[in-house]
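Engineer: Below are the structure tokens for one structure; questions will follow.
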Amino acid sequence: MQTDESLIRQVKKLYEEKTGWGDSENWSNQDFLQLGELIRDETGVMISHVTLKRIWGKVKYDSLPNTHTLNTLVQYLGFENWRDFSVRKPLNGGVTAPAPAPVKDFLDEPAAPVLTEARAEEEAPSDGPKPESRLRKVLWMVAPLAVILFVLLFLHGQQPTPQARDYTFSSKKTVTSGLPNSVIFDYDATRSPEDSVVIQQSWDTTRRVKVPRNGHQYTSVYYYPDYYHATLQVQGHTVKTHSLLIRTDGWLPLVEQDPVPVYFKKEEAMAGGKMSLSVDQIKAKNILLQPSPPTVMFANVQDFGEIYSDKFVFETSLRDDYAEGSAVCQLTRIYLLCEGTAIWVPLVAKGCVSNIDLYFTYFYTSGRRDDLSTLGVDFSNYVKLRIESDSGKAKILVNDKLAYTVPRHILHSKIIGILYRFQGTGSVDYVKLGNGKAEYSENFNDK
């Protein structure tokens, strides 16, 4: 499917028109919350305000919106699905090139008054050209310019859409695994009608750069592990898409910050059969825990074998270790990263369940409209989380009790990463992932 930036821009414009809220660059967080509700009321499907903000470029996120999200977006606008939108919507957004300005617009304003023949004879100098003669000369000079302008506009509108076969796009990583990781993009865009083309590292529009048409390489640094979709764009059209997996070298502990996170060595986080970062370790890196607590991430992105989102068992035991000040909710998310999508399950202090949201390949819900109270936990002890997915159905168990059943069919996508995000900091006791054929487990024993 076509998912280039020109179509995304058209979607944003149509949303501005339908909502009547004006320029979406000025939309607030509350606007995106309300927009999610409007989409749900219209389509019966909820897109989270976080996902909407990512699509609108308000939140940095290095992954592509999945097909279900794109379909829902344009269904709100009256289209059947994304393919229907991309076919029916002209690439220039439905705005035709403006016609050449009337010849009178090239004359000085205000327009010259109309003179009667008698008045013209009275006011015109006897030895100079009459006003009609002067106007005729101006028209003779301006008319060819108007014709040229019209032809140029017409020819511009007739430029053929760039064809993928005319371009090449690939990449190679400077290291097989580990972060940060520089990626060298190789491209051939010599057939571009413009002097420059665009390389976009992911669907996040803030991560795009113009490169010369006659160049052949561009290098970019990736600081977070994930499954990325990079694109080569010519005249606003995506002509090539290239996927790359940025792996970790085993478990990677870090504290998130933009643009470069604070990395820790895996040995610093593994002790006593647990994976954790203490408050003292965080403070030693000159990271403040108040008034806004940092987010601690433990990530492991690799090839776990043939384990897919519609058939697997995941089990772990974890604890959020920081509940001071504004971290009182102890918001924790456990992610299973997949190729092109993700699964995340939140755990939180019992009084804060209204603030959480859950995502499973393309199904989304939040504590504001769904009873997620079973995901509210007591983090004074380790909490056992288990996810079971089979035959397109999935359920979530907390401390061996059924906490939630996913009501939608689960997409088939390869699992490529396990990730924990703690508000403040936290600990992981063990992790298991498998499907009976491929298995992965980690007890975090000292190594």
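The values are calculated or read from the model by the stated rules, or taken from the named source; none is laboratory data. No experiment lies behind these values; they were computed from the predicted model shown. Here Cβ is always computed from backbone atoms with ideal geometry, including for glycine, and neighbour counts include all displayed protein chains. The accessibility values were calculated without ligands, DNA or RNA, using every heavy atom of the protein model including side chains. Shrake-Rupley method; radii C 1.70, N 1.55, O 1.52, S 1.80 Å.
Engineer: Would you mind stating whether A299 is open to solvent by 20 Å² or more (accessible area, probe 1.4 Å) and either aliphatic (A, V, I, L, M) or not in a loop (DSSP other than H, G, I, E, B) (or both)?
Structural biologist: no
Engineer: Would you please name the residue that is least open to solvent (accessible area, probe 1.4 Å), looking only at residues in segment 187-207 that are farther than 14 Å from S6 by Cα and at pLDDT below 90?
Structural biologist: S202
Engineer: Filter segment 271-284 down to the residues that are part of a strand (DSSP E or B) and at pLDDT 95 or above and list them by number.
Structural biologist: First pass over segment 271-284, keeping only residues part of a strand (DSSP E or B): 271, 274-276.
Of everything in segment 271-284, those that are part of a strand (DSSP E or B) and at pLDDT 95 or above turn out to be K274, M275, S276.
Engineer: Do you know which of the residues in segment 253-264 that are within 12 Å of K285 (Cβ to Cβ) and part of a loop (DSSP other than H, G, I, E, B) is modelled with the lowest pLDDT?
Structural biologist: The extreme case among them is Q257.
Engineer: Quick one: which residue in L52, L33 is assigned to a helix (DSSP H, G or I) and either farther than 21 Å from W344 by Cα or open to solvent by less than 20 Å² (accessible area, probe 1.4 Å) (or both)? Step through it out loud before you land on a result.
Structural biologist: On the way: L33 fails: either farther than 21 Å from W344 by Cα or open to solvent by less than 20 Å² (accessible area, probe 1.4 Å) (or both).
Going through L52, L33 in turn, just one is assigned to a helix (DSSP H, G or I) and either farther than 21 Å from W344 by Cα or open to solvent by less than 20 Å² (accessible area, probe 1.4 Å) (or both): L52.
Engineer: Same structure, new question: Grab the strands (runs of 3 or more DSSP E) fully contained in segment 336-426, keeping just those with 1 or more residues being in contact with a Leu (Cβ under 9 Å, 6 or more places away or on another chain) and within 29 Å of Q257 (Cβ to Cβ).
Structural biologist: Passing ranges, in order: 341-349, 357-360, 363-366, 383-390, 415-423.
Engineer: Out of all the residues in segment 311-333, which are surrounded by fewer than 17 Cβ atoms within 10 Å (Cβ to Cβ) and either within 27 Å of F363 (Cβ to Cβ) or touching a helix residue (DSSP H, G or I) at 6+ places or on another chain (Cβ under 6 Å) (or both)?
Structural biologist: V313, E315
Engineer: Hey, another quick one. (1) open to solvent by 50 Å² or more (accessible area, probe 1.4 Å); (2) under 19 Å from T341 (Cβ atoms): which one isn't true of L245, the others all being true?
Structural biologist: (1)
Engineer: Taking segment 262-271 as the search range and keeping residues that are touching a residue at least 60 places away in the same chain (Cβ under 8 Å) and out of contact with any Asp or Glu (no Cβ under 8 Å at 6 or more places or on another chain), which one is least open to solvent (accessible area, probe 1.4 Å)? Walk me through it before giving the result.
Structural biologist: We begin by selecting, within segment 262-271, every residue touching a residue at least 60 places away in the same chain (Cβ under 8 Å); these are 263, 267, 270-271.
Then drop every residue that is not out of contact with any Asp or Glu (no Cβ under 8 Å at 6 or more places or on another chain), which leaves 263, 267.
Values: Y263: 56, E267: 119 Å².
For segment 262-271, the residue satisfying everything is Y263.
Engineer: Still on this structure, I have one more. Do you know which residues across segment 175-197 are in contact (Cβ under 8 Å) with a residue 40 or more places away in the chain and either assigned to a strand (DSSP E or B) or among the hydroxyl-bearing types (S, T, Y) (or both)? Break it down stepwise before answering.
Structural biologist: Initial filter on segment 175-197 (in contact (Cβ under 8 Å) with a residue 40 or more places away in the chain): 176-183, 185, 187, 189, 192-194.
If the condition is that a residue be in contact (Cβ under 8 Å) with a residue 40 or more places away in the chain and either assigned to a strand (DSSP E or B) or among the hydroxyl-bearing types (S, T, Y) (or both), then T176, S177, N181, S182, V183, F185, Y187, S192 are the ones that fit.
Engineer: Among the residues in segment 409-424, are any modelled with pLDDT under 95, crowded, with 21+ Cβ neighbours inside 10 Å and farther than 23 Å from P291 by Cβ?
Structural biologist: Yes, because at least one residue in segment 409-424 is modelled with pLDDT under 95, crowded, with 21+ Cβ neighbours inside 10 Å and farther than 23 Å from P291 by Cβ.
Engineer: Can you tell me which residue within segment 354-404, out of those that are open to solvent by 20 Å² or more (accessible area, probe 1.4 Å) and at positive phi, is modelled with the lowest pLDDT?
Structural biologist: Once the filter is applied, the top-ranked residue is S391.
Engineer: I need every pair where a residue in segment 272-293 that is over 20 Å from S326 (Cα atoms) has its Cβ under 6 Å from the Cβ of a residue that is of a type in the set (G, A, S) and open to solvent by less than 50 Å² (accessible area, probe 1.4 Å), sequence separation at least 6 or different chains.
Structural biologist: That search, which allows pairs on different chains as well, returns K274/S427; M275/A269; S276/S427.
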